[in-house]
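Report on the structure given below.
The values are calculated or read from the model by the stated rules, or taken from the named source; none is laboratory data. Keep in mind it's a predicted model, so treat the numbers as computed, not measured. Here the Cβ positions follow ideal geometry from the backbone for every residue, glycine too, while neighbour counts run over all protein chains shown. Note: accessible area is taken over every heavy atom of the protein model, side chains too, but ligands, DNA and RNA are not part of it. Shrake-Rupley method; radii C 1.70, N 1.55, O 1.52, S 1.80 Å.
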Amino acid sequence: TIPLDRFLYALGIRHVGESTARLLAMHYGNVQVLLTAMREAQDHASDAYAALESIDQVGPVLAQALLDFFAEPHNQTVVADLLQVVAVQDVAPPKQDSPIAGRTVVFTGTLEQMSREEAKTLALQLGAKVAGSVSKKTDLVILGPGAGSKAKTVADLGIQTLDEAG
């Protein structure tokens, strides 16, 4: 059993890293929905193609890489064979009513109650966008012990901060 984002990442699709796989998984939610969308999106005039390109951080190059991968007969066979032996977990859509929905969040310092990956996953499930660096577009920074230079940048930009418990 494997989560949809890990399944997509493991396929080795050009331009699809862990973050992009997570975005795709959250958008489609289910492997069969994703596969159907990739078939339908082969027609660039289709609603499925427009929906693919409307995903945050998906542009024409990434969209074409996905379509090329899923159009290749060998890849279709490999994916079908994998789905015979691997259970792919659906992904729940992100919440839209949480206090951090739609906000950009950065984690810095040491997290003590959960791993950084668990924290990022939780933030994504709550509808937040998770970034790796602080910028003017950052809405919230979770500061752990040993935050370092990011803490100074946060203070200079006047960005809201919380500790891990918050």
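Observations on the structure shown:
- Scanning the range 129-148 for residues that are open to solvent by 40 Å² or more (accessible area, probe 1.4 Å) and in a loop (DSSP other than H, G, I, E, B) returns GLY132, SER133, SER135, LYS136, LYS137, ASP139, PRO145, GLY146, GLY148.
- Within the range 129-155, residues that are among the basic types (Lys, Arg) have Cβ atoms under 7 Å from residues that are open to solvent by less than 70 Å² (accessible area, probe 1.4 Å) and part of a loop (DSSP other than H, G, I, E, B) in these pairs: LYS150/VAL134, counting only partners at least 6 apart in sequence or on another chain.
- Failed item, numbered, when ALA151 is tested on (1) among the hydrophobic types (A, V, I, L, M, F, W, C); (2) over 27 Å from GLY29 (Cβ atoms); (3) open to solvent by 60 Å² or more (accessible area, probe 1.4 Å): (3)
- The single condition among (1) touching a strand residue (DSSP E or B) at 6+ places or on another chain (Cβ under 9 Å); (2) surrounded by 14 or more Cβ atoms within 10 Å (Cβ to Cβ) that ALA10 does not meet is (2).
- The set of residues in the range 69-95 being in contact (Cβ under 8 Å) with a residue 24 or more places away in the chain, open to solvent by 90 Å² or more (accessible area, probe 1.4 Å) and farther than 14 Å from VAL33 by Cβ consists of LYS95 alone.
- Residues (touching a residue at least 40 places away in the same chain (Cβ under 8 Å) and open to solvent by 70 Å² or more (accessible area, probe 1.4 Å)) located in the range 102-128: GLU112, GLN113
- Flag for VAL31 being open to solvent by less than 60 Å² (accessible area, probe 1.4 Å) and either under 11 Å from the mean Cα position of the chain (by Cα) or over 18 Å from VAL79 (Cα atoms) (or both): no
- Check on THR121, within 21 Å of ALA165 (Cα to Cα) and modelled with pLDDT of 85 or more: no
- Among the residues of the range 13-59, those that are of a type in the set (A, V, I, L, M), under 21 Å from GLU118 (Cα atoms) and part of a helix (DSSP H, G or I) comprise ALA21, LEU23, LEU24, ALA25, MET26.
- Qualifying positions in the range 37-47 - open to solvent by less than 70 Å² (accessible area, probe 1.4 Å) and either without any contact (Cβ under 8 Å) to a residue 12 or more places away in the chain or in contact with a Cys (Cβ under 8 Å, 6 or more places away or on another chain) (or both): SER46
- You will find that of LEU162, LEU62, the residue that is free of Cβ contacts under 8 Å to residues at least 24 places away in the same chain and either surrounded by 12 or more Cβ atoms within 10 Å (Cβ to Cβ) or assigned to a strand (DSSP E or B) (or both) is LEU162 and no other.
- Neighbours by Cβ (under 6 Å, 6+ apart or cross-chain): first from the range 13-28, at positive phi and at pLDDT below 90; second open to solvent by less than 40 Å² (accessible area, probe 1.4 Å) and among the hydroxyl-bearing types (Ser, Thr, Tyr): none
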